[in-house]
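Below: the structure, in structure tokens.
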Amino acid sequence: MRKHLSSLWESVIDGVVDINSHRSRSFLQVVGIILGVASVVATFGLIEGGKRQMTRIYDETGGIRKMRIDNKQTTDATQTATEKASHGLTYDDSLVLRREARLVDIVEPTMQREAPVRAPGFEKTLEVSGVTWGYEPMYNFHPAEGRFITDEDLARSAKVVVLGSKRRDQIFGGRPALGQTISVDGSSYTVVGVMEKKEFYFNSANDNALGWMNDFVFVPITTMLNRMSGDRRAQRIAFINVQVRDVKDMDKAMEEVTAILRRTHGGVLDFEVFNRADQMRRMQEQGRIYDVTFLVCGTISLLVGGIVIMNILLASFNERVREVGTRKALGATGLNIMAQFLVESVVVTIFGGLLGVALGGAFTRAISNLIQQPVVLTPANAIVGLTFAVVIGIFFGFYPAIKAARLNPIAALRYE
């Protein structure tokens, strides 16, 4: 056993010495692997960066446990009498969901309407949103000053308003906003809060993807229903957001919510339920097309590098036929000869793989700067790239190694 290990070690040393003796040849072998691994690592960096961007923007707006219920748009020509009698989504629907749905944490109805907003030096018609306290945790959107809508505000239909950061700047400029009074739809409302500024940029060339959240003017939804719209009965709301207790129960929660609303609407399905987990899955599935395309391109580069290694090893074998024959005549086994050629292939690919990982890191930084978007290089990506390189080295090194191991020493010594 010790003799075999010693002989194998000698083969390893011979392989390393041969690499060092033919540096130009070894360099040509390494180049293909470097470029291939760099392509694979950069591809994984792009894929990981895109996934993290998508996850971040979902986290910024409340995570993936959200469902949104919208009114379904239908034409009068296709509606039955029962469907025409249905008012669509109402505030009362949200109250029923809050009481009966067992798989949800938060139910947040939102009503929207255009209304004139006036303050000293400011007058403009803006979109005003009627919401509940649930909007804050639902969207992970918190006040930077003051407070948000409370249950007490809803119970009293209080004439209070919370402004988005952009609206606060437009209406008050550099003046304090908290405690000030503004006119909304002809009535006086007290400013009780100013929301944090929401920002998210996919890259420096894009606008703020969450800029719309800074444009809000919030009032209690009961205030909008009872004071701004008159009779709250039959008043359609824009949509309802629902937060599920556990994302694993998303499908069951959708069924539960659909069943409750269908009952309250007299069997009419005049609403649609969407959930973020499905949206995220669909986006990932669509993105896989590009992921696979990029990965195939990187793998092709590695395969080309492997073919280069195999051809150079075959050329090296043809140059060293007499040397291999002499070694076999002196007692070297086929395994020893195979080990020598495989060592050359594996060492070249490992060295090329390490340089490729470094170059891949440089590629990811260059790509990130070019497209102004985060591109992530993780240890796992580097290990995958290096593993690809070693597998390619072993695979393409096998044929020259086996050919050398099977060489007849007598025929080799006669080789000219």
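The values are calculated or read from the model by the stated rules, or taken from the named source; none is laboratory data. Please read these numbers as outputs of a predicted model, since none were measured by experiment. Cβ coordinates were reconstructed from backbone atoms using ideal geometry, including for glycine residues, and neighbour counts include every protein chain displayed.
Data table
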{"item": "Some residue of the stretch 222-236 being hydroxyl-bearing (Ser, Thr, Tyr), out of contact with any Leu (no Cβ under 6 Å at 6 or more places or on another chain), assigned by TED's automatic domain parsing to the domain that holds Trp133 and modelled with pLDDT under 90", "result": "yes"}
{"item": "Odd one out for His22, checked against (1) modelled with pLDDT of 80 or more; (2) over 30 Å from Val292 (Cα atoms)", "result": "(1)"}
{"item": "Qualifying residues in the stretch 359-383 (those that are of a type in the set (A, V, I, L, M) and surrounded by 15 or more Cβ atoms within 10 Å (Cβ to Cβ)) - the one nearest to Phe27 (Cα to Cα)", "result": "Leu359"}
{"item": "Single match in Glu136, Glu108, Glu123 (criterion: out of contact with any strand residue (DSSP E or B) (no Cβ under 6 Å at 6 or more places or on another chain), surrounded by 15 or more Cβ atoms within 10 Å (Cβ to Cβ), assigned by TED's automatic domain parsing to the domain that holds Leu261 and at pLDDT 90 or above)", "result": "Glu136"}
{"item": "Residue, surrounded by the fewest Cβ atoms within 10 Å (Cβ to Cβ), within the stretch 30-55, restricted to residues that are more than 21 Å from Leu370 (Cα to Cα) and of a type outside the set (Gly, Ala, Ser)", "result": "Thr55"}
{"item": "Checking Leu103 against (1) buried (at least 20 other Cβ atoms within 10 Å of the Cβ); (2) at pLDDT 85 or above, the condition it does not meet", "result": "(1)"}
{"item": "Contacts under 6 angstrom Cβ, first residue in the stretch 193-220 being within 21 Å of Phe148 (Cβ to Cβ) and part of a strand (DSSP E or B), partner of a type in the set (Phe, Trp, Tyr) and at pLDDT 95 or above, 6 or more apart", "result": "Gly193/Phe148"}
{"item": "Total residues in the stretch 314-354, condition within 54 Å of the chain's Cα centre (by Cα), of a type in the set (D, E, K, R) and part of a helix (DSSP H, G or I)", "result": "2"}
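Residues are listed down the side, and each one gets a yes or a no for (1) touching a Cys at 6+ places or on another chain (Cβ under 7 Å); (2) free of Cβ contacts under 8 Å to residues at least 12 places away in the same chain; (3) closer than 16 Å to Gly32 by Cβ:
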site: Leu314; (1), (2), (3): no, no, yes
site: Asn336; (1), (2), (3): no, no, no
site: Leu359; (1), (2), (3): no, no, yes
site: Asn369; (1), (2), (3): no, yes, no
site: Ala389; (1), (2), (3): no, no, yes
site: Tyr399; (1), (2), (3): no, no, no
site: Ile402; (1), (2), (3): no, no, no
